[in-house]
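The values are calculated or read from the model by the stated rules, or taken from the named source; none is laboratory data. This one's a predicted model, so the numbers in the text were calculated from it and none came from an experiment. Cβ: placed from backbone, ideal geometry, glycine included. Neighbour counts: every protein chain shown.
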Amino acid sequence: MIELDPKYIDVIIRHWQDYTGKQATRVEDGAVFNELAEHLQEMDAANNDH
């Protein structure tokens, strides 16, 4: 089964990382998924504080 719904992409990536033991990286610039996700959560939290 492949889940491709964009609203679940974070879950899909985390499951893949758990399954493979590897870190997902963005091809364009090598950015690591976990770091990007953490940064976005911080930005969301900051925006919700206003």
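Only a single criterion out of (1) in a helix (DSSP H, G or I); (2) modelled with pLDDT of 90 or more; (3) surrounded by 10 or more Cβ atoms within 10 Å (Cβ to Cβ) is not satisfied by Tyr19, namely (3).
Considering each of Asp44, Asp10 in turn, give the residue that is part of a helix (DSSP H, G or I) and in contact (Cβ under 8 Å) with a residue 24 or more places away in the chain.
Working: Asp44 fails: in contact (Cβ under 8 Å) with a residue 24 or more places away in the chain.
Checking each option against the conditions leaves just Asp10.
In segment 14-31, the residues that are without any contact (Cβ under 8 Å) to a residue 40 or more places away in the chain reach residues that are part of a loop (DSSP other than H, G, I, E, B) and not aliphatic (A, V, I, L, M) with C-beta atoms within less than 7 angstrom, at least six apart or across chains, in these pairs: Gln17/Gln23.
In the set Leu4, Leu36, only one residue is part of a loop (DSSP other than H, G, I, E, B) and without any contact (Cβ under 8 Å) to a residue 24 or more places away in the chain; that residue is Leu4.
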